[in-house]
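S.K.: I am attaching a structure below and will ask some questions about it afterwards.
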């Protein structure tokens, strides 16, 4: 059986382009085409598609209707997958889309629409319960996280950075104290301050020293 798809896109050119692509693929059946959020939700209720292929921005507000639809469908039609198309590699949209789980969700850039194999692969994966995220969006997410980590590292005092640098060499508090001519108590205070500034809470099964060192090494790289 073909994968039944509802398309939601307010751009006539994109709608027609996707329609023409789908007509050449017997594996896909385009059961409805919509131009706004309300008609999309109605189409899903009427047709119960396997996958919704939707733009992020469309009427009525032109902001994040595609994300809103994905969140609503988690409750109203959990078996329907959603492939969100965006013109921008925006980490905030991606995090919002996957915030309530990655199952049956994909985030692709619109430039991928012209590559039928990539688009097909994403539709298939989502229909099967999997997830897909565009490599460019992954790059942006990594860059954003590293930038945030770097910003937190800037809050450290010169002495705290020295302590963290010694920590990155695998030294314990006693060895750090000897290297920096400090007491172990002073090293412990600096270490606790580092963890606090880097937002490393005392979670179970989490080695804060390792996480702090990874942030430090990422910045050095």
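The values are calculated or read from the model by the stated rules, or taken from the named source; none is laboratory data. What you see is a predicted model, and the numbers here were worked out from it, not measured in a lab. No Cβ is skipped: glycine too gets one built from the backbone with ideal geometry, and neighbour counts run over all protein chains shown.
S.K.: From the list 85, 119, which one is in contact with a strand residue (DSSP E or B) (Cβ under 6 Å, 6 or more places away or on another chain) and under 23 Å from residue 19 (Cα atoms)?
M.R.: Being in contact with a strand residue (DSSP E or B) (Cβ under 6 Å, 6 or more places away or on another chain) and under 23 Å from residue 19 (Cα atoms) holds for just one of 85, 119, which is 85.
S.K.: Now a separate question. Quick check on segment 20-30. Is at least one of its residues closer than 27 Å to residue 135 by Cα, at pLDDT below 90, touching a helix residue (DSSP H, G or I) at 6+ places or on another chain (Cβ under 7 Å) and not in a loop (DSSP other than H, G, I, E, B)?
M.R.: Taking every residue of segment 20-30 in turn, at least one turns out to be closer than 27 Å to residue 135 by Cα, at pLDDT below 90, touching a helix residue (DSSP H, G or I) at 6+ places or on another chain (Cβ under 7 Å) and not in a loop (DSSP other than H, G, I, E, B).
S.K.: Name the single residue that is surrounded by the fewest Cβ atoms within 10 Å (Cβ to Cβ) among those in segment 24-46 being closer than 15 Å to residue 119 by Cα and in contact with a strand residue (DSSP E or B) (Cβ under 8 Å, 6 or more places away or on another chain).
M.R.: Ranking the candidates gives 27 first.
S.K.: Here is a follow-up. If a residue has to be surrounded by fewer than 16 Cβ atoms within 10 Å (Cβ to Cβ) and either outside the structural domain of residue 167 (by TED's automatic domain parsing) or within 14 Å of residue 172 (Cβ to Cβ) (or both) to count, how many in segment 186-197 make the cut?
M.R.: Within segment 186-197, residues that are surrounded by fewer than 16 Cβ atoms within 10 Å (Cβ to Cβ) and either outside the structural domain of residue 167 (by TED's automatic domain parsing) or within 14 Å of residue 172 (Cβ to Cβ) (or both) number 1.
S.K.: What helices (runs of 4 or more DSSP H) completely inside segment 72-156 contain at least 3 residues that are in contact (Cβ under 8 Å) with a residue 60 or more places away in the chain?
M.R.: 116-127, 135-153
S.K.: For segment 1-23, name all the residues that are touching a residue at least 40 places away in the same chain (Cβ under 8 Å) and out of contact with any strand residue (DSSP E or B) (no Cβ under 6 Å at 6 or more places or on another chain).
M.R.: Across segment 1-23, the qualifying residues are 10, 11, 14, 17, 21.
S.K.: Can you go through 200, 182 and tell me which one is at pLDDT 90 or above, outside the structural domain of residue 119 (by TED's automatic domain parsing) and surrounded by 14 or more Cβ atoms within 10 Å (Cβ to Cβ)?
M.R.: Selected residue: 182, the only one of 200, 182 that is at pLDDT 90 or above, outside the structural domain of residue 119 (by TED's automatic domain parsing) and surrounded by 14 or more Cβ atoms within 10 Å (Cβ to Cβ).
S.K.: Taking residue 10 as the residue in question, decide whether it is more than 19 Å from the chain's Cα centre (by Cα), assigned to a helix (DSSP H, G or I) and surrounded by fewer than 18 Cβ atoms within 10 Å (Cβ to Cβ).
M.R.: No; evaluated as a whole, the condition is false for this residue.
S.K.: When you look at residue 49, is it crowded, with 22+ Cβ neighbours inside 10 Å, under 25 Å from the mean Cα position of the chain (by Cα) and in a loop (DSSP other than H, G, I, E, B), yes or no?
M.R.: In short, yes.
S.K.: Among the residues that make up segment 51-64, is at least one of them in the same structural domain as residue 33 (by TED's automatic domain parsing) and either closer than 14 Å to residue 134 by Cα or in contact (Cβ under 8 Å) with a residue 60 or more places away in the chain (or both)?
M.R.: Yes, segment 51-64 contains at least one residue that is in the same structural domain as residue 33 (by TED's automatic domain parsing) and either closer than 14 Å to residue 134 by Cα or in contact (Cβ under 8 Å) with a residue 60 or more places away in the chain (or both).
S.K.: A follow-up question, please. Select from segment 52-71 the residues that are outside any helix (DSSP H, G or I) and under 21 Å from residue 112 (Cβ atoms) and list them in ascending order.
M.R.: Once the filter is applied, which keeps residues that are outside any helix (DSSP H, G or I) and under 21 Å from residue 112 (Cβ atoms), segment 52-71 yields 52, 53, 54, 55, 56, 57, 58, 64.
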